[in-house]
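The values are calculated or read from the model by the stated rules, or taken from the named source; none is laboratory data. Given the structure is predicted, the values throughout are model-derived calculations rather than measurements. Positions of Cβ are generated from backbone atoms using ideal geometry, with glycine treated the same way; all protein chains shown enter the neighbour counts.
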Amino acid sequence: MPTLKDQIGDLDGSPALREAYELAASAHRGQTRKDDASPYIDHPLAVATEPRRNGLPEETIVAALLHDVVEDSELTVGDVTERFGVGVGKLVAALTDDQTIDDYAERKREHRGRVEKAGPEAAAIYAADKLVNVRELRGLYAELGEATAVRLKAPIGIRVKLWHGDLEMLRRLVPELPTVAALAAELEAFEAVRERAHQLVDVG
């Protein structure tokens with residue numbers, strides 16, 4: 001598993017980042033990614049790499065490390081706020097899905113709207129999360145093709161449509177953020193791979 005130093009580099013010495021990493025590792029212990037069954041902690045580490053690379057404030061990187069802890073553990077936004085401050089707490093709240101909304105697409109659209117209202121820092125983490133998700137799915141699709149769908153919470157087509165909606169929102173809110181351009185490129189590459197796979201099936 002990548003270490004905090006591997007992912008965050010010279011910011012490894014930050015007490016807040018180290019504490020956030022330790023809390024995330026504890027909250028996600030034993031959990032795996034549905035896409036590829038990798039240890040879940042790899043995901044927030046990868047997400048936190050983007051705001052660090054783009055020179056965003058430490059608070060944003062801390063929130064990126066913690067962006068799924070409320071959704072996936074017994075921790076609450078209040079717990080996060082108490083340990084890391086109101087700013088981090090608000091970001092984590094904005095990045096947390098509303099699990100009371102059963103329909104996947106509706107839940108994701110509601111989430112997107114809250115992120116947009118929360119502002120550029122929340123959008124930066126959201127963009128990083130989507131970029132990592134698309135990269136993971138692209139890698140898995142290269143291995144499994146359409147059979148990838150059995151690992152997912154929603155059909156691939158629905159996820160792609162939602163990602164395009166996310167990209168539209170991000171281009172409005174943080175158009176200059178490098179992560180947004182990377183997400184656009186990754187999504188285009190994934191769709192190209194999927195289109196080629198469909199063409200091969202049709203020819204066959």
- Name the residues in the range 64-101 that are surrounded by fewer than 16 Cβ atoms within 10 Å (Cβ to Cβ) and over 24 Å from L131 (Cα atoms), would you? E74, T76, G78, E82, G85, V86, T100
- Of the conditions (1) modelled with pLDDT under 85; (2) more than 18 Å from A192 (Cα to Cα); (3) of a type in the set (A, V, I, L, M); (4) assigned to a helix (DSSP H, G or I), I125 fails just one. Which one is it? (1)
- Every residue from the range 141-166 that is in contact (Cβ under 8 Å) with a residue 24 or more places away in the chain, of a type in the set (A, V, I, L, M, F, W, C) and in a helix (DSSP H, G or I): A142, I156, I158, V160, L162, W163
- Message: For the structure I just gave you, tell me whether L137 is part of a helix (DSSP H, G or I), on the phi < 0 side of the Ramachandran plot and surrounded by 18 or more Cβ atoms within 10 Å (Cβ to Cβ).
- Response: yes
- Could you list, in sequence order, all residues of the range 19-63 that are among the basic types (K, R), in a helix (DSSP H, G or I) and either in contact with a His (Cβ under 9 Å, 6 or more places away or on another chain) or under 18 Å from V134 (Cα atoms) (or both)? none
- Item | Filter result (farther than 22 Å from V180 by Cα and of a type in the set (D, E)) within the range 36-70 | D36
- Message: I'd like to know if the range 104-121 contains one or more residues that are surrounded by 12 or more Cβ atoms within 10 Å (Cβ to Cβ) and over 23 Å from P44 (Cα atoms).
- Response: no
- Message: For the range 94-116, check the following and say yes or no: at least one residue is part of a loop (DSSP other than H, G, I, E, B), more than 18 Å from E186 (Cβ to Cβ), small (G, A, S) and in contact (Cβ under 8 Å) with a residue 24 or more places away in the chain.
- Response: no
- Query: Out of all the residues in the range 90-105, is one or more under 17 Å from the mean Cα position of the chain (by Cα) and polar (S, T, N, Q)?
  - Reply: yes
